[in-house]
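Undergrad: The structure under discussion is supplied below as C-alpha cells; questions concerning it will follow.
The values are calculated or read from the model by the stated rules, or taken from the named source; none is laboratory data. Quick caveat, the model's predicted, so the values are computed rather than measured. All Cβ positions, even for glycine, are placed from backbone atoms using ideal geometry, and neighbour counts span all protein chains on display. What goes into the accessible areas is simple: the full protein's heavy atoms, side chains included, and nothing from ligands, DNA or RNA. Shrake-Rupley method; radii C 1.70, N 1.55, O 1.52, S 1.80 Å.
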Amino acid sequence: MNKISLAKRLNNNKRGYLIINAGQGKHKIALIGDVKNEYDTLAKLSKDILKNALVIGFAETAIAIGAALASSAGAFFMQTTRENVCENDNYIYFTEAHSHAMEQRLVYSDLEKIYNQVERIVFVEDEITTGNTIWHCIEEIEGIFKGGKKYAIAPLTNTLSEERKSFFKEKNVDIIYIRDIDKEGFEEDVADILTDGEVYRIDSNSLNKDVKEIIFKTGIRTRRLINIKDFDAEIKRLGDFLEEKYELKSLLKNKKTVTVLGTEEFIYAPIKLAEYIDSISDANVYVHSSTRSPIEVSKLVDYPLHTRYEIRSIYDKNRQTYVYDLKESDIFFLFTDGKDKDGEADILEAVRLSGNKNIYLIRWDNE
C-alpha cells in the first residue's frame, strides 16, 4: 500500500480501522518535504476541477489538504468545523456516521456569500470510504441553494466500492485521487493487532515558565471563508515577523531536527510554517498535529503509531484529544490558535515528556 498503513481505532464499533498516510502530516509525524510532495501530487491531478472552484476541506484530517489544493489554484477555501465559530447557530449541519465526532457543519452565511461566484464545489478528504458524508453535504447544500452546482471530490486515497463509484458517476460528481485501494479485509487485518504501545494520560498544572511564547496578531479567521491568497500572504508575514523579532534563522542555525506541531483543526498554517523553516534551514523539519481521533498504539515495528499522549483539548478542557509519536527535536514549535490553559498545559507537558527542552509556543491571535 506504499505510503499508507492501517491502524486500529480505539473504542469505535462502527469502523475498526483507520488509514494512516505517512505523507499527510496529521496523525503520524512526517518530514515536511514528504507532505508537500503528497499534497502537490493531488493538486496537479486536480488541476482541471479546481478552476473557478470553492474548495472545502473536511475537519479535521483534510483541512490542510484542502487548503493546499485551493492554494495551488488561487481558489476560495472553506472548511467544515466542529467548533463554535459564529453566532446565532448559523450553520449547515450534516453527520459523519463512522466518526468519533459525528457532527460536521459549514458556516451558512459564508457559503451563501460564495455559492453563486464559483462554477464548482470541490470536497477534499484524506480518504473516501463510502462517500456518504459528502453526498449528505451535497444534498444539504443543494436543498438550500438549489443552484444545480457542479461537484467533485478529491481524496488522497480512494477506497470506494465499484457500486459507489458508479453512484457518483451517475450523479456527475468527478472523483480525483492519488491511489485506489480495495478496503476488503481491512477490518479483519486490524482486529487482532497487539495494542501494547506506550500510553501517557496527562493532567498537567504546569505554568510553562520554560516555554518561549510568541504572539502573532492576525485578522485571518481560519475556520471561515478565506481567499487562500490572503492566508498564504499572512503566513509569509509570519515568517518575516519571526525573522525580524526573533531572528529565526539564528535560532535554527546548526539545528539538525525541528518539529512544528499544530492543533486539531489548525494544521494548514503549521504546515506552511514548516515549509518556510525548511526553506531557510538545513534541518530535518517534521510536522504533525494533535487530533480528536482515538487510535490504538502498538510496539510492532510495522504498525504506524507507537506512543499516545491523552490530553485535554487546547480548545476545550472538557474534550479528550490525542497526540502521537512526539519526536525529540533540537527546537520544537507548538503553533496554535487554541486558548484553553489546561489543554495548553497538557500538550506542552506531552512535548516535554518526549524529551524536548527548547520549546516555542506560537499563538495565532485573531482576536
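Undergrad: Tell me which residues, restricted to region 195-244, are open to solvent by 50 Å² or more (accessible area, probe 1.4 Å) and touching a His at 6+ places or on another chain (Cβ under 9 Å).
TA: The answer is Glu198, and nothing else.
Undergrad: Here is a further query. Which residues, counting only those in region 76-95, are polar (S, T, N, Q) and more than 27 Å from Gln320 (Cβ to Cβ)?
TA: Asn88, Asn90 - these are the residues of region 76-95 that are polar (S, T, N, Q) and more than 27 Å from Gln320 (Cβ to Cβ).
Undergrad: Here's a check for you: in region 77-99, which residue that is closer than 17 Å to Ala269 by Cβ and hydrophobic (A, V, I, L, M, F, W, C) is modelled with the lowest pLDDT?
TA: Val85
Undergrad: Still on this model: Restricting attention to region 224-257, report how many residues are within 25 Å of Lys339 (Cβ to Cβ) and not in a helix (DSSP H, G or I).
TA: Selection size over region 224-257: 3.
Undergrad: Considering only region 208-233, how many residues are within 22 Å of Gln79 (Cβ to Cβ) and without any contact (Cβ under 8 Å) to a residue 24 or more places away in the chain?
TA: Going through region 208-233 one residue at a time, the tally reaches 2.
Undergrad: Identify the residue in region 245-277 that is under 18 Å from the mean Cα position of the chain (by Cα) and of a type in the set (Asp, Glu) and, among all such residues, is surrounded by the fewest Cβ atoms within 10 Å (Cβ to Cβ).
TA: Glu275
Undergrad: Name every residue in region 1-25 that is touching a Gly at 6+ places or on another chain (Cβ under 9 Å), in a loop (DSSP other than H, G, I, E, B) and more than 20 Å from Leu326 (Cβ to Cβ), in order of residue number.
TA: Within region 1-25, Lys3 is the sole residue that qualifies.
Undergrad: Follow-up. Could you check region 322-348 and list, in sequence order, the residues that are of a type outside the set (A, V, I, L, M, F, W, C), surrounded by fewer than 24 Cβ atoms within 10 Å (Cβ to Cβ) and within 21 Å of Val199 (Cα to Cα)?
TA: Correct list: Tyr322, Asp325, Lys327, Glu328, Asp342.
Undergrad: Let me ask another. How many residues does region 26-43 contain that are under 14 Å from the mean Cα position of the chain (by Cα) and either in a helix (DSSP H, G or I) or not aliphatic (A, V, I, L, M) (or both)?
TA: Looking only at that region, the number is 8.
Undergrad: Among the residues of region 52-67, is any among the aliphatic types (A, V, I, L, M), under 19 Å from Phe266 (Cα atoms) and modelled with pLDDT under 95?
TA: Among the residues of region 52-67, at least one is among the aliphatic types (A, V, I, L, M), under 19 Å from Phe266 (Cα atoms) and modelled with pLDDT under 95, which makes the answer yes.
Undergrad: Under 7 Å between Cβ atoms, which residue pairs at least 6 apart in sequence (or on different chains) link something in region 349-367 that is buried (at least 18 other Cβ atoms within 10 Å of the Cβ) with a partner that is at pLDDT below 95 and of a type in the set (S, T, N, Q)?
TA: What qualifies is Glu349/Ser204; Glu349/Ser206.
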